[in-house]
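Encoded as C-alpha coordinates, the structure appears first; notes follow it.
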Amino acid sequence: MKTCRSCNIRKDEASFHKSTRAKSGTQTYCKSCTKAISAARPDLCKARGERYRAKNPAESLYRHLAKRARLNAAYCIDRQGFCDWYYKQPMQCEYCGESQDNARALYGHKLHIDRKIGTIGYRDGNMVLACQRCNLIKNGYLTHQQMMEIAGRYFNGPYGNAHEELLEALKRLQSVVRDEYHLLDIRKRPSLCLADAQAGTAIAKAEGRA
Ligand SMILES: [Zn+2]
Ligand SMILES: [Zn+2]
(Lines give C-alpha, C1' and ligand atoms only; values in the text may rest on other atoms or scores of the structure.)
(Ligands and ions follow the chains in the order given, each with its own letter.)
Protein backbone atom coordinates (compact mmCIF):
# COMPACT_ATOMS: atom_id res chain seq x y z
CA MET A 1 0.00 0.00 0.00
CA LYS A 2 1.14 3.50 -0.76
CA THR A 3 -0.38 6.97 -0.53
CA CYS A 4 -0.75 8.95 -3.75
CA ARG A 5 0.89 12.36 -3.37
CA SER A 6 -1.74 13.93 -5.57
CA CYS A 7 -5.08 12.63 -4.30
CA ASN A 8 -3.74 11.46 -0.88
CA ILE A 9 -5.64 8.20 -1.11
CA ARG A 10 -3.99 4.99 0.04
CA LYS A 11 -3.93 2.49 -2.78
CA ASP A 12 -2.26 -0.83 -3.53
CA GLU A 13 0.96 -0.99 -5.56
CA ALA A 14 -0.86 -2.05 -8.72
CA SER A 15 -2.55 1.38 -8.78
CA PHE A 16 0.83 3.03 -9.48
CA HIS A 17 2.89 2.91 -12.66
CA LYS A 18 6.34 1.39 -12.36
CA SER A 19 9.32 3.70 -12.10
CA THR A 20 12.96 2.78 -12.54
CA ARG A 21 14.11 5.98 -10.83
CA ALA A 22 11.95 5.89 -7.68
CA LYS A 23 13.26 3.92 -4.69
CA SER A 24 9.86 2.37 -4.11
CA GLY A 25 9.80 1.11 -7.69
CA THR A 26 6.55 2.92 -8.42
CA GLN A 27 5.65 6.51 -9.22
CA THR A 28 4.49 9.01 -6.64
CA TYR A 29 1.15 9.77 -8.32
CA CYS A 30 -1.39 7.01 -8.81
CA LYS A 31 -2.46 5.85 -12.27
CA SER A 32 -5.77 7.70 -12.27
CA CYS A 33 -4.14 10.97 -11.13
CA THR A 34 -1.41 10.56 -13.77
CA LYS A 35 -4.07 10.04 -16.40
CA ALA A 36 -6.02 13.11 -15.29
CA ILE A 37 -2.88 15.27 -15.24
CA SER A 38 -1.88 14.10 -18.72
CA ALA A 39 -5.36 14.78 -20.06
CA ALA A 40 -5.30 18.30 -18.60
CA ARG A 41 -1.84 19.09 -19.99
CA PRO A 42 -1.34 17.23 -23.27
CA ASP A 43 1.57 19.56 -24.11
CA LEU A 44 3.53 18.43 -21.04
CA CYS A 45 2.67 14.85 -21.81
CA LYS A 46 3.94 15.21 -25.36
CA ALA A 47 7.14 16.92 -24.24
CA ARG A 48 7.78 14.14 -21.77
CA GLY A 49 7.31 11.57 -24.53
CA GLU A 50 9.75 13.45 -26.74
CA ARG A 51 12.34 13.65 -23.96
CA TYR A 52 12.00 9.91 -23.36
CA ARG A 53 12.36 9.07 -27.06
CA ALA A 54 15.42 11.30 -27.42
CA LYS A 55 17.09 9.66 -24.44
CA ASN A 56 16.01 6.11 -25.20
CA PRO A 57 15.78 5.78 -29.00
CA ALA A 58 16.14 2.00 -29.08
CA GLU A 59 13.65 1.38 -26.29
CA SER A 60 11.00 3.55 -27.91
CA LEU A 61 11.57 2.02 -31.35
CA TYR A 62 11.22 -1.43 -29.89
CA ARG A 63 7.61 -0.77 -28.99
CA HIS A 64 6.72 -0.95 -32.67
CA LEU A 65 8.48 -4.27 -33.10
CA ALA A 66 7.01 -5.63 -29.90
CA LYS A 67 3.52 -5.36 -31.36
CA ARG A 68 4.59 -7.90 -33.94
CA ALA A 69 6.46 -9.92 -31.34
CA ARG A 70 3.20 -10.43 -29.46
CA LEU A 71 1.78 -12.08 -32.57
CA ASN A 72 4.74 -14.36 -33.00
CA ALA A 73 7.61 -14.53 -30.50
CA ALA A 74 9.96 -16.27 -32.94
CA TYR A 75 9.46 -13.32 -35.27
CA CYS A 76 11.13 -10.78 -33.07
CA ILE A 77 14.26 -10.30 -31.01
CA ASP A 78 13.63 -9.44 -27.34
CA ARG A 79 13.83 -5.91 -26.00
CA GLN A 80 17.30 -6.18 -24.47
CA GLY A 81 18.67 -7.90 -27.56
CA PHE A 82 17.22 -5.19 -29.74
CA CYS A 83 18.63 -2.34 -27.63
CA ASP A 84 22.09 -3.96 -27.55
CA TRP A 85 21.98 -4.31 -31.32
CA TYR A 86 20.68 -0.78 -31.92
CA TYR A 87 23.29 1.00 -29.81
CA LYS A 88 26.08 -0.78 -31.68
CA GLN A 89 24.91 0.45 -35.09
CA PRO A 90 26.61 3.22 -37.02
CA MET A 91 23.72 5.68 -37.25
CA GLN A 92 23.43 5.67 -41.02
CA CYS A 93 21.40 4.09 -43.78
CA GLU A 94 22.76 0.68 -44.73
CA TYR A 95 22.13 1.39 -48.41
CA CYS A 96 22.86 5.02 -49.21
CA GLY A 97 24.86 5.94 -46.11
CA GLU A 98 22.63 8.90 -45.17
CA SER A 99 23.10 9.85 -41.51
CA GLN A 100 20.31 9.76 -38.97
CA ASP A 101 20.08 13.57 -38.92
CA ASN A 102 20.07 13.90 -42.71
CA ALA A 103 17.55 11.10 -43.13
CA ARG A 104 15.25 12.87 -40.71
CA ALA A 105 15.68 16.25 -42.37
CA LEU A 106 15.22 14.88 -45.90
CA TYR A 107 12.46 12.33 -45.42
CA GLY A 108 10.84 13.35 -42.15
CA HIS A 109 11.56 10.04 -40.45
CA LYS A 110 14.31 8.59 -38.36
CA LEU A 111 16.14 5.58 -39.77
CA HIS A 112 13.81 2.61 -40.05
CA ILE A 113 14.58 -0.92 -39.00
CA ASP A 114 14.71 -2.87 -42.23
CA ARG A 115 14.94 -6.61 -42.54
CA LYS A 116 17.44 -7.92 -45.06
CA ILE A 117 15.18 -10.87 -45.76
CA GLY A 118 11.51 -10.00 -45.48
CA THR A 119 10.28 -13.46 -44.62
CA ILE A 120 12.50 -13.62 -41.55
CA GLY A 121 11.60 -11.59 -38.52
CA TYR A 122 13.46 -8.90 -36.61
CA ARG A 123 16.47 -10.91 -35.54
CA ASP A 124 20.13 -10.16 -35.08
CA GLY A 125 21.85 -10.52 -38.44
CA ASN A 126 18.65 -9.77 -40.36
CA MET A 127 18.17 -6.15 -39.24
CA VAL A 128 19.74 -3.06 -40.75
CA LEU A 129 19.03 0.65 -40.42
CA ALA A 130 17.58 2.23 -43.55
CA CYS A 131 16.38 5.71 -44.44
CA GLN A 132 12.74 6.20 -45.41
CA ARG A 133 13.66 6.50 -49.09
CA CYS A 134 15.68 3.29 -49.30
CA ASN A 135 13.24 1.38 -47.12
CA LEU A 136 10.28 2.42 -49.27
CA ILE A 137 12.04 1.57 -52.49
CA LYS A 138 13.32 -1.78 -51.27
CA ASN A 139 10.20 -2.72 -49.31
CA GLY A 140 9.31 -6.30 -50.15
CA TYR A 141 10.30 -6.03 -53.77
CA LEU A 142 14.07 -6.00 -53.75
CA THR A 143 16.61 -8.13 -51.98
CA HIS A 144 19.19 -6.62 -49.69
CA GLN A 145 21.86 -7.19 -52.34
CA GLN A 146 19.77 -5.59 -55.13
CA MET A 147 19.09 -2.55 -52.96
CA MET A 148 22.78 -2.21 -52.11
CA GLU A 149 23.53 -2.14 -55.84
CA ILE A 150 20.79 0.37 -56.66
CA ALA A 151 21.69 2.74 -53.83
CA GLY A 152 25.37 2.45 -54.66
CA ARG A 153 24.77 3.22 -58.30
CA TYR A 154 22.11 5.95 -58.18
CA PHE A 155 21.96 7.56 -54.76
CA ASN A 156 25.63 8.32 -54.34
CA GLY A 157 26.44 8.74 -58.01
CA PRO A 158 25.72 11.20 -60.83
CA TYR A 159 21.94 10.98 -60.38
CA GLY A 160 22.13 12.53 -56.93
CA ASN A 161 18.63 13.07 -55.59
CA ALA A 162 16.85 13.04 -58.96
CA HIS A 163 14.54 10.31 -57.79
CA GLU A 164 11.75 12.28 -56.16
CA GLU A 165 9.16 11.51 -58.81
CA LEU A 166 10.02 7.85 -58.63
CA LEU A 167 9.74 7.95 -54.87
CA GLU A 168 6.29 9.57 -55.00
CA ALA A 169 5.05 7.01 -57.52
CA LEU A 170 6.42 4.18 -55.40
CA LYS A 171 4.75 5.56 -52.27
CA ARG A 172 1.37 5.62 -54.04
CA LEU A 173 1.81 2.11 -55.39
CA GLN A 174 3.05 0.76 -52.12
CA SER A 175 0.25 2.23 -50.05
CA VAL A 176 -2.22 0.30 -52.22
CA VAL A 177 -0.21 -2.90 -51.90
CA ARG A 178 0.33 -2.37 -48.20
CA ASP A 179 -3.36 -1.83 -47.47
CA GLU A 180 -4.17 -5.19 -49.02
CA TYR A 181 -1.15 -6.84 -47.50
CA HIS A 182 -1.98 -5.73 -43.97
CA LEU A 183 -5.46 -7.19 -44.20
CA LEU A 184 -3.87 -10.63 -44.32
CA ASP A 185 -2.96 -12.55 -41.20
CA ILE A 186 0.74 -11.94 -40.52
CA ARG A 187 1.53 -15.67 -40.75
CA LYS A 188 -0.32 -16.06 -44.03
CA ARG A 189 1.17 -13.10 -45.85
CA PRO A 190 2.82 -14.06 -49.10
CA SER A 191 6.25 -12.66 -49.60
CA LEU A 192 6.28 -9.84 -52.08
CA CYS A 193 9.77 -10.81 -53.08
CA LEU A 194 10.46 -14.25 -54.52
CA ALA A 195 14.17 -14.19 -53.73
CA ASP A 196 13.40 -13.40 -50.09
CA ALA A 197 10.90 -16.22 -49.95
CA GLN A 198 13.48 -18.64 -51.24
CA ALA A 199 16.13 -17.43 -48.83
CA GLY A 200 13.60 -17.60 -45.97
CA THR A 201 12.69 -21.20 -46.82
CA ALA A 202 16.34 -22.17 -47.03
CA ILE A 203 17.00 -20.71 -43.58
CA ALA A 204 13.87 -22.28 -42.10
CA LYS A 205 15.03 -25.65 -43.48
CA ALA A 206 18.51 -25.19 -42.07
CA GLU A 207 16.98 -24.40 -38.66
CA GLY A 208 14.74 -27.42 -38.90
CA ARG A 209 11.52 -25.38 -38.90
CA ALA A 210 10.38 -26.57 -42.32
ZN1 LIG B 1 -3.96 9.76 -6.97
ZN1 LIG C 1 19.09 5.29 -47.64
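Numbers for the structure displayed
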read-out	value
Hey, A66 surrounded by 14 or more Cβ atoms within 10 Å (Cβ to Cβ), closer than 30 Å to V128 by Cβ and at pLDDT 90 or above or not	no
Of residues in segment 114-146 being under 16 Å from F82 (Cα atoms) and in contact with a His (Cβ under 8 Å, 6 or more places away or on another chain), the one nearest to ligand 2 (Cβ to nearest atom)	A130
Within segment 93-116, tally of residues that are outside any helix (DSSP H, G or I) and under 14 Å from F155 (Cα atoms)	7
Cβ-Cβ under 6 Å pairs, at least 6 apart or on other chains, segment 128-145 side among the charged types (D, E, K, R), far side buried (at least 21 other Cβ atoms within 10 Å of the Cβ)	K138/M147
Those residues of segment 70-85 which are under 16 Å from G121 (Cβ atoms) and without any contact (Cβ under 8 Å) to a residue 40 or more places away in the chain, in sequence order	R70, A73, D78, R79
Where a residue in segment 1-20 is closer than 14 Å to T34 by Cα and part of a strand (DSSP E or B) and its partner, wherever it lies, is small (G, A, S) and more than 9 Å from ligand 1 (Cβ to nearest atom), with Cβ under 7 Å and at least six apart	K18/G25
Pairs, first touching a residue at least 24 places away in the same chain (Cβ under 8 Å) in segment 46-58, second among the hydroxyl-bearing types (S, T, Y), C-beta under 8 Å, six or more apart	P57/Y86; A58/Y86; A58/Y87
Criterion: closer than 30 Å to M91 by Cα and at pLDDT 90 or above - qualifying residue of N56, N8	N56
Out of Q100, Q89, Q80, sole residue that is of a type in the set (S, T, N, Q), more than 16 Å from ligand 2 (Cβ to nearest atom), modelled with pLDDT of 90 or more and under 20 Å from R53 (Cα atoms)	Q80
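The values are calculated or read from the model by the stated rules, or taken from the named source; none is laboratory data. Nothing here was measured: the structure is a model prediction, and the numbers come from that model. Positions of Cβ are backbone-derived with ideal geometry, glycine not excepted, and every protein chain shown enters the neighbour counts.
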